[in-house]
Amino acid sequence: MNATVAMQMTGADFLKLRKRWVTLIWSLVLTLLPLLLYFIISAAQHSSSPQEHAPAGGVNGFQDSLRILALFFGPLAAILVGSDAGAGDSTAGVFRDLVVTGRSRVALFATRVPAALALTWLIVIFAYALSIVGTFAFADGSPTPSFADVLNGFGFTLLSTGVVCAIAVGLASLTTSRPATLVALIGWQLVASPILTNISSLGSARKLVLREAIAHFSPVNLDGGGGHGPARGGAVTMGSATAIVVMLVWLVVFLALGAWRTRTMDA
Amino acid sequence: MDTTTDGAGAQTPAIQTSGLTKRFGERAAIDGVDLFVPRGVAFGFLGPNGAGKTTLIRTLLGLTHASAGTMHMLGHPVPAERDQALQRVGAIVEEPRFHMHLTGRENLRVVAAVRGPEVAARIEPALDRVGLSDRATDKVKSYSMGMRQRLGVARCLLADPLLLILDEPTNGLDPAGIQEFREMIRAMVEQEGRTVFVSSHLLDEVEKTCDAAAIVDRGKVVVQGAMAELAAGGKPRHELLLNVDASERALSILQGSDLVAEATAGGEGELRVVLVGEAASAAAVNAMLVGAGVGVMRLEPVRHSLEQRFLEITTRLEGHSDRTEVHA
């Protein structure tokens, strides 16, 4: 497969995803609406009682909006899009029609990943832009994040959503079931992971939790304490190398499983 | 569209299998199938539901793995060179499926992107060929079953196929749709020189559409060959049914004639006559009997139907007796 065909196939996968209005609208709603609500409610509270409530924007607003977007609703949108990309062909029953073109099954799998990333990041960029607008528009004289913080936050948001999206593509390709993927990943990433992180008796095994490895790269304190990484309950601290290895293992395992299943399953 | 070359030699059969077997656990869905599909014909793959038709197609196309045996498509051994073979194969397996949220044209764009950069140019001609140009911007979920079948054919045409494999293509179509589909298949064979492999459980459909066929039952190819030979039971048979006023005398005359290979008497003056060949015409038999003073009230060529032959074969199978192999 040459670069032209790879680009064409990725474009075709992107077309399938962006035309699925339900997924697209829900992803936009899930990323934009919480941020909008956060800024509106915080601004209303601040205006009604400036002494009691900090401004909605500024550094505090930036940190809160980054938590909302990068750790919760961004990955949720990434799971929606990734699961659609991974299981869409099988669910629609067209996978066999793609196989009978003679194109390598691994290639069919591989082009789903950049297509899903492209759509996820497009959505996340909109949401991040909204969070930056809110951060500066509602600062009300309080300190605002530096340009470097804004850039780092952007990179972190792309990393957080990108890793989860790629894993969703792999898992959905493995299960060929979108509902199963949604339940498994949302359950793990947004419910089980925070619980496991707070069980201090698990010790350093908590470093294997993907959410913690991702959070390590946050430019701001995502748990309200100081320094890098989450600190609520038993703090999970790890080195950057460990965090990178943990993320890579998660990515490699799920992408390999997705590729294996796509290559070997009866179509 | 170029339908003349495939780089694997046009003299090779479109499909050839030897001892092809696919097992699901202990059960053999296809069992030692030897199939020969020549080029440039509409070939029927006929059998009752559950006979193994779709499994054979899925195995050929690489949608599932064979348990044993060898396969060639367009001269390429598969699975070793399946990718090359499939570049000039179009297939509809079971019912044609699409991304319902995309338009007809967008669905073709998806497949064209997978097939290669040059294929996008075939989208509009393919839509035009199947008469869907004016509905190409509608979402597929608004299409009728017949339109989806036609869009499935358009998807096949993106490959500029030397071989089309259509699995039960007339399922769900109304009579007009069936007729239209039949004409499309014949045009692809006669005007465009393609080979069309049609699986069906409809005897009448295969008989009207195909030049040759294989009958499959319980995973085995029972008989295959040209349509006329299949219907006649292995070789072309020229038979007549007669009603005469003096059956015993007529029988005696016929049994002594060089024109007649076999003559048997039925009830009430009816005779069944097998002629020695095509040259021995009904008119000559009539003249011979009338010349001998036998009154001929009825003389009718027997038309062998595939249905009759199919029932004979399946009846034998149910009795667990021998099977017939007829190769064209």
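The values are calculated or read from the model by the stated rules, or taken from the named source; none is laboratory data. Note that the structure is a prediction, hence the values are computed from the model and not measured. Using ideal geometry, Cβ is built from the backbone for each residue, glycine included, and neighbour counts are taken over all protein chains shown.
Just a few scattered comments:
- Residue check, residue A:112 among the charged types (D, E, K, R) and surrounded by 23 or more Cβ atoms within 10 Å (Cβ to Cβ): yes
- Residue tally, condition within 7 Å of another protein chain (Cβ to nearest Cβ) and touching a residue at least 60 places away in the same chain (Cβ under 8 Å), over region B:90-103: 2
- Within region B:93-124, the residues that satisfy the criterion of being among the acidic types (Asp, Glu) and either crowded, with 21+ Cβ neighbours inside 10 Å or farther than 30 Å from residue B:52 by Cβ (or both) are B:106, B:118, B:124.
- Inside region A:246-265, residues that are under 22 Å from residue A:212 (Cα atoms) and of a type outside the set (A, V, I, L, M) make up a count of 2.
- Here region A:145-159 is the region considered, the condition is being of a type in the set (S, T, N, Q) and at pLDDT below 95, and the residue that is surrounded by the most Cβ atoms within 10 Å (Cβ to Cβ) is A:152.
- Given (1) modelled with pLDDT of 90 or more; (2) touching a helix residue (DSSP H, G or I) at 6+ places or on another chain (Cβ under 8 Å); (3) surrounded by fewer than 19 Cβ atoms within 10 Å (Cβ to Cβ), number of the condition residue A:190 does not satisfy: (1)
- A single member of B:120, B:66 is touching a helix residue (DSSP H, G or I) at 6+ places or on another chain (Cβ under 7 Å), under 19 Å from residue A:108 (Cα atoms) and either within 9 Å of chain A (Cβ to nearest Cβ) or not in a helix (DSSP H, G or I) (or both), and it is B:120.
- For residue A:102, the conditions (1) part of a helix (DSSP H, G or I); (2) in contact with a helix residue (DSSP H, G or I) (Cβ under 8 Å, 6 or more places away or on another chain) are fulfilled apart from (1).
- Whichever residue in region B:69-89 is of a type in the set (Gly, Ala, Ser) and more than 8 Å from every other protein chain (Cβ to nearest Cβ) and, among such residues, is nearest to the chain's Cα centre (by Cα): B:75
- Matching strands (runs of 3 or more DSSP E) fully within region B:125-217 where at least 2 residues are surrounded by 23 or more Cβ atoms within 10 Å (Cβ to Cβ) and polar (S, T, N, Q): B:195-200
- Checked against (1) farther than 18 Å from residue A:267 by Cα; (2) buried (at least 17 other Cβ atoms within 10 Å of the Cβ); (3) more than 14 Å from chain B (Cβ to nearest Cβ); (4) not basic (Lys, Arg), residue A:142 passes all but a single condition, namely (2).
- Pair list, Cβ < 8 Å and 6+ apart or interchain, from region A:109-137 residues that are closer than 17 Å to residue A:25 by Cβ to residues that are basic (Lys, Arg) and part of a helix (DSSP H, G or I): A:119/A:18
- Wholly within region A:1-93, helices (runs of 4 or more DSSP H) carrying at least 3 residues that are of a type in the set (A, V, I, L, M), away from chain B (no Cβ under 14 Å) and crowded, with 18+ Cβ neighbours inside 10 Å: A:21-48, A:74-92
- For region B:45-63, filtering for residues that are more than 14 Å from chain A (Cβ to nearest Cβ) and surrounded by fewer than 22 Cβ atoms within 10 Å (Cβ to Cβ) leaves 3.
- Against the numbered list (1) within 11 Å of another protein chain (Cβ to nearest Cβ); (2) at pLDDT 95 or above, residue B:42 comes up short only at (1).
- Number of residues in region A:239-267 that are within 30 Å of residue B:54 (Cα to Cα) and either away from every other protein chain (no Cβ under 14 Å) or of a type in the set (Asp, Glu) (or both) equals 6.
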